[in-house]
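> My structure is below; once you've seen it, I'll send some questions.
The values are calculated or read from the model by the stated rules, or taken from the named source; none is laboratory data. Not measured: the values here are computed from a predicted model. Here the Cβ positions follow ideal geometry from the backbone for every residue, glycine too, while neighbour counts run over all protein chains shown. Surface accessibility is based on the protein's heavy atoms, side chains included, excluding ligands, DNA and RNA. Shrake-Rupley method; radii C 1.70, N 1.55, O 1.52, S 1.80 Å.
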Amino acid sequence: MEHKEIMIQLKGITKTFSQKKGTLEVLHGIDLDIAKGEIFGIIGMSGAGKSTLVRCINLLERPTAGEVYLDGQELTQLSEKDLRQARRSMGMIFQQFHLLMQRTALENVCFPMEIAGVKKGEAKQRAKELLELVGLGEKTESYPSQLSGGQKQRVAIARALATNPKVLLCDEATSALDPNTTVGVLELLKDINQRLGITIVVITHEMKVIQEICNRVAIISGGQIAEIGSVEDIFRSPKTEAGRELVFHEGNSREGYLGQIPHCYRIVFDESNSGEPLLGSMMIECNGLANILAANTRNIDGKVYGQMIIQLPEDEELRGRMIANLQAKHVIVEEVDHV
């Protein structure tokens with residue numbers, strides 16, 4: 001980060017909402033730097049404050065306190081006219097697409113350019129190019145009702161790119177889509193980032209979305225940044241309760257899991273040792289049994305990582321030998337207090 005230019009900088013962002021019974025502080029002094037050209041994830045459980053945070057980035061919600069910088073320009077001090085101009089540098093896509101139902105795909109993409117005063121012919125040409133970019137070159141005259149969910153989101157992405165933004169804000173952009181369609185949309189966002197160099201901020205409650213395309217991630221919990229780091233580092237070794245919850249349980253609540261089970265450990269391995277029978281050899285060498293409670297693999301930035309939750313024996317000395325055996329094979333082992 002130290003050598004990269006900063007595209008978005010948040011300093012001390014606090015957001016308070018007035019209620020009948022007083023005030024509710026949703027964000028508590030958030031500091032965040034997002035570099036130019038990166039795909040940055042903001043993840044948290046429902047109610048953590050992530051959607052409020054993304055709306056503070058483009059000032060759809062005005063922070064109660066703090067400063068928002070976009071490419072070096074402080075937004076909270078701008079006049080309404082200058083703020084409108086600055087917002088054109090930030091495209092936004094939402095969970096529910098927000099397309100105009102009476103307009104064709106082409107007309108939907110033209111809409112922000114109309115508002116910006118772009119000439120009609122020029123706007124149409126750019127809209128056609130953008131629909132081609134998102135893989136919908138043949139759907140220019142289709143209405144939203146004639147499109148699938150994934151196609152609607154692609155139109156929304158093309159529309160968000162219409163004003164040549166520096167930043168694309170994606171607020172739960174794949175939550176309404178099925179898993180296969182989600183993969184296609186995420187691949188498109190990755191492609192747009194690489195081709196156009198646009199900084200992308202992904203707001204989600206799903207760790208698999210973060211792991212699919214993000215470079216770095218901030219975990220938000222209770223209106224504060226719980227931890228921040230590369231996606232790889234946070235998957236390998238989350239430092240906070242909020243981080244562990246998201247990594248272990250893929251963003252689901254603990255309900256429905258096995259609850260308190262003694263002597264549970266999370267082990268994490270990568271490509272260098274994923275082909276080895278790590279658990280089998282450990283059990284043979286230590287003459288002790290391990291119970292596998294959960295397991296999955298993840299592709300993070302082209303590398304394969306796996307995690308397992310295992311239960312080890314009651315015997316403390318045996319348990320210690322089994323942990324040491326795994327660690328000698330360069331496997332991360334950490335105790336977990338719930339499964």
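> Restricting attention to the stretch 209-221, does a residue exist that is at pLDDT below 75, closer than 29 Å to residue 11 by Cβ and out of contact with any strand residue (DSSP E or B) (no Cβ under 7 Å at 6 or more places or on another chain)?
Within the stretch 209-221, the first condition is being at pLDDT below 75, and the residues that meet it are none.
No, the stretch 209-221 contains no residue that is at pLDDT below 75, closer than 29 Å to residue 11 by Cβ and out of contact with any strand residue (DSSP E or B) (no Cβ under 7 Å at 6 or more places or on another chain).
> Which count do you get for residues in the stretch 290-339 that are among the charged types (D, E, K, R), modelled with pLDDT of 80 or more and in contact with a strand residue (DSSP E or B) (Cβ under 8 Å, 6 or more places away or on another chain)? Quick ask: steps written out before the conclusion?
Here is the first cut: in the stretch 290-339, the residues among the charged types (D, E, K, R) are 298, 301, 303, 314-317, 319, 321, 329, 334-335, 337.
Still in the list and also modelled with pLDDT of 80 or more: 314-317, 319, 321, 329, 334-335.
Among the residues that remain, those that are also in contact with a strand residue (DSSP E or B) (Cβ under 8 Å, 6 or more places away or on another chain) are: 334-335.
So the answer is 2.
> Where residues in the stretch 100-157 are within 29 Å of the chain's Cα centre (by Cα) and acidic (Asp, Glu), which of them is farthest from residue 180 (Cα to Cα)?
Here the residue is 129.
> Also, quick follow-up: Please work out if residue 93 is buried (at least 22 other Cβ atoms within 10 Å of the Cβ), within 17 Å of the chain's Cα centre (by Cα) and under 22 Å from residue 194 (Cα atoms).
Spelling it out, residue 93 is indeed buried (at least 22 other Cβ atoms within 10 Å of the Cβ), within 17 Å of the chain's Cα centre (by Cα) and under 22 Å from residue 194 (Cα atoms).
> Between a residue in the stretch 143-165 that is aromatic (Phe, Trp, Tyr) and any residue that is open to solvent by 10 Å² or more (accessible area, probe 1.4 Å), which pairs come within a Cβ distance under 8 Å, given they are 6 or more apart or on different chains?
Short answer, once both residue conditions are applied: 143/101; 143/102; 143/103.
> Inside the stretch 5-63, can you point out the residues that are among the polar types (S, T, N, Q) and either crowded, with 16+ Cβ neighbours inside 10 Å or closer than 28 Å to residue 208 by Cα (or both)?
Correct list: 9, 14, 46, 51, 52, 58.
> Working only within the stretch 147-188, note down all residues that are surrounded by fewer than 17 Cβ atoms within 10 Å (Cβ to Cβ) and either closer than 26 Å to residue 55 by Cβ or at pLDDT 95 or above (or both).
Answer for the stretch 147-188, where residues must be surrounded by fewer than 17 Cβ atoms within 10 Å (Cβ to Cβ) and either closer than 26 Å to residue 55 by Cβ or at pLDDT 95 or above (or both): 149, 164, 175, 176.
> Right, next: Give the residues of the stretch 295-321 that are of a type in the set (A, V, I, L, M), touching a residue at least 24 places away in the same chain (Cβ under 8 Å) and surrounded by fewer than 17 Cβ atoms within 10 Å (Cβ to Cβ), sorted by residue number. Show your work before the answer.
We begin by selecting, within the stretch 295-321, every residue of a type in the set (A, V, I, L, M); these are 295, 300, 304, 308-310, 312, 318.
Cutting the leftovers down to touching a residue at least 24 places away in the same chain (Cβ under 8 Å) gives us 300, 304, 308-310, 312, 318.
Of everything in the stretch 295-321, those that are of a type in the set (A, V, I, L, M), touching a residue at least 24 places away in the same chain (Cβ under 8 Å) and surrounded by fewer than 17 Cβ atoms within 10 Å (Cβ to Cβ) turn out to be 304, 318.
> Considering only the stretch 9-22, I want to know if a residue exists there that is in a loop (DSSP other than H, G, I, E, B), modelled with pLDDT under 90 and of a type in the set (Lys, Arg).
Yes, because at least one residue in the stretch 9-22 is in a loop (DSSP other than H, G, I, E, B), modelled with pLDDT under 90 and of a type in the set (Lys, Arg).
> Is it fair to say residue 75 is over 18 Å from the mean Cα position of the chain (by Cα), free of Cβ contacts under 8 Å to residues at least 24 places away in the same chain, on the phi < 0 side of the Ramachandran plot and buried (at least 17 other Cβ atoms within 10 Å of the Cβ)?
Spelling it out, residue 75 is indeed over 18 Å from the mean Cα position of the chain (by Cα), free of Cβ contacts under 8 Å to residues at least 24 places away in the same chain, on the phi < 0 side of the Ramachandran plot and buried (at least 17 other Cβ atoms within 10 Å of the Cβ).
> Next question, about the same structure. How do the helices (runs of 4 or more DSSP H) wholly within the stretch 73-181 filter down when requiring 1 or more residues that are of a type in the set (Val, Ile, Thr): which remain?
Filter on the stretch 73-181 gives 105-115, 149-160.
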